[in-house]
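Okay, so here's the structure we're looking at.
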């Protein structure tokens, strides 16, 4: 039985795309016969993996200013505890979420030391977006492989100078879903959305995700012209007062971070699902909307979406162009033609297994 350790900033927090992704991947690897260990934060949950809650609960919470800085400092010192656990398990593969390199810290120092100690262990970096900074190239040079979850992420890695032979394109895993009609009615009632038409955004609530542009586009082009609200779901990762003031609680509703089952109910009920983040790879909410046959507005800078659905892709940063696309999609309700079935688990897990076998 091969052993793999997954190191991710969060795993059990249902509010994050990363946690949903790694729970799916871990489950598929267990089914494929792997012994799976996960090192993540102190959130609690149930799964079939060996779990070490090492890091403070930080990433899966709303932004808290100085407290987040303090917790991140603690997290950096917790990295040194990785050594004891990893040496005890002696895994065949260590899979690391790339976000550990997005900010200055001690993670690369610890991982580089481990790579020298574990001569027979293969190290794989899993890159989920285009936020990996250029200065991280030297830090990740010791990895045996670097996974890119989309073509624009692969392009970002090549542009940074990552060796092309190390980059492996393995698309995002997307499960198939069916929504329980009774649960959906309960969720709509809980949030006062029964009989209400709404546009849905789900993801981190912050400027770099384009949420400020989305709200401004809605208020300028939709709010007073159509009886449709804008619903925001996700962790609040901004403290910018000018942006927070745009969330009025009447036409723009912020529901906070919801469980994945509740979010799926909202996706299935929305008039339109939107993600215009310029740093996105394929956008989990967009793929989930496609699975549930819902109209979408898609993020820019994603070659896969430009190939199949260029008319549904939002222009980066343009309030008027985004507003016009929102209005058009509310009227036309065009479904994406992108082949979401290519992301179903039975296809994607083979890419991971093939990579781990080849290393």
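The values are calculated or read from the model by the stated rules, or taken from the named source; none is laboratory data. Note that this is a predicted model, so its numbers are computed, not measured. Glycine gets a Cβ as well: all are built from the backbone with ideal geometry, and neighbour counts include every protein chain shown.
Within the range 256-270, which residues are assigned to a loop (DSSP other than H, G, I, E, B) and at pLDDT below 95?
Filtering the range 256-270 down to residues assigned to a loop (DSSP other than H, G, I, E, B) leaves 256-259, 270.
Scanning the range 256-270 gives 256, 257, 258, 259.
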Test each condition in (1) at pLDDT 95 or above; (2) within 22 Å of residue 205 (Cβ to Cβ) for residue 35 and report the one that comes out false.
(2)
Working carefully through the options 247, 273, find the one that is surrounded by 14 or more Cβ atoms within 10 Å (Cβ to Cβ), modelled with pLDDT under 90, assigned by TED's automatic domain parsing to the domain that holds residue 287 and not in a helix (DSSP H, G or I).
247
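Suppose the filter is more than 23 Å from the chain's Cα centre (by Cα), in contact (Cβ under 8 Å) with a residue 60 or more places away in the chain and either in the same structural domain as residue 310 (by TED's automatic domain parsing) or crowded, with 17+ Cβ neighbours inside 10 Å (or both); does residue 220 pass it? Can you show your working first?
Values: more than 23 Å from the chain's Cα centre (by Cα): yes; in contact (Cβ under 8 Å) with a residue 60 or more places away in the chain: yes; either in the same structural domain as residue 310 (by TED's automatic domain parsing) or crowded, with 17+ Cβ neighbours inside 10 Å (or both): yes.
So residue 220 passes the test.
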Please tell me if residue 336 is under 28 Å from residue 168 (Cβ atoms) and in a loop (DSSP other than H, G, I, E, B).
yes
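Using the structure shown, decide if residue 30 is surrounded by 18 or more Cβ atoms within 10 Å (Cβ to Cβ), assigned by TED's automatic domain parsing to the domain that holds residue 111 and either touching a residue at least 12 places away in the same chain (Cβ under 8 Å) or out of contact with any helix residue (DSSP H, G or I) (no Cβ under 8 Å at 6 or more places or on another chain) (or both). Let's see the steps before the verdict.
Numbers: surrounded by 18 or more Cβ atoms within 10 Å (Cβ to Cβ): no; assigned by TED's automatic domain parsing to the domain that holds residue 111: yes; either touching a residue at least 12 places away in the same chain (Cβ under 8 Å) or out of contact with any helix residue (DSSP H, G or I) (no Cβ under 8 Å at 6 or more places or on another chain) (or both): yes.
Criteria not met by residue 30.
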Can you pull out the residues in the range 150-167 that are in contact with a helix residue (DSSP H, G or I) (Cβ under 8 Å, 6 or more places away or on another chain), part of a helix (DSSP H, G or I) and surrounded by 21 or more Cβ atoms within 10 Å (Cβ to Cβ)?
152
Tell me the residue from 51, 21, 85 that is more than 20 Å from residue 104 (Cβ to Cβ), in a helix (DSSP H, G or I), touching a strand residue (DSSP E or B) at 6+ places or on another chain (Cβ under 6 Å) and not assigned by TED's automatic domain parsing to the domain that holds residue 284, please.
85
Restricting the first residue to the range 239-252 and requiring it to be under 15 Å from residue 222 (Cα atoms), which pairs with a second residue that is in a loop (DSSP other than H, G, I, E, B) meet a Cβ separation below 6 Å and a spacing of at least six or different chains?
251/223
Selected residue (criterion: nearest to the chain's Cα centre (by Cα)) from residues of the range 317-359 that are in contact (Cβ under 8 Å) with a residue 60 or more places away in the chain and within 17 Å of residue 281 (Cα to Cα):
343
Check whether at least one residue in the range 101-117 is in a helix (DSSP H, G or I), closer than 29 Å to residue 303 by Cα and either out of contact with any strand residue (DSSP E or B) (no Cβ under 7 Å at 6 or more places or on another chain) or in contact (Cβ under 8 Å) with a residue 24 or more places away in the chain (or both), and report yes or no.
yes
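Given the options 92, 129, name the one that is within 22 Å of the chain's Cα centre (by Cα) and on the phi < 0 side of the Ramachandran plot.
129
When you scan the range 79-104, how many residues do you find that are surrounded by 17 or more Cβ atoms within 10 Å (Cβ to Cβ) and either touching a helix residue (DSSP H, G or I) at 6+ places or on another chain (Cβ under 9 Å) or closer than 15 Å to residue 8 by Cα (or both)? Working first, answer last.
Here is the first cut: in the range 79-104, the residues surrounded by 17 or more Cβ atoms within 10 Å (Cβ to Cβ) are 79, 82, 86, 89, 91-101.
Keeping just the survivors that are either touching a helix residue (DSSP H, G or I) at 6+ places or on another chain (Cβ under 9 Å) or closer than 15 Å to residue 8 by Cα (or both) gives 79, 82, 86, 92-101.
Matching residues across the range 79-104 total 13.
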Scan the range 333-355 and give yes if some residue there is at pLDDT below 95, on the phi > 0 side of the Ramachandran plot and outside the structural domain of residue 143 (by TED's automatic domain parsing), otherwise no.
no
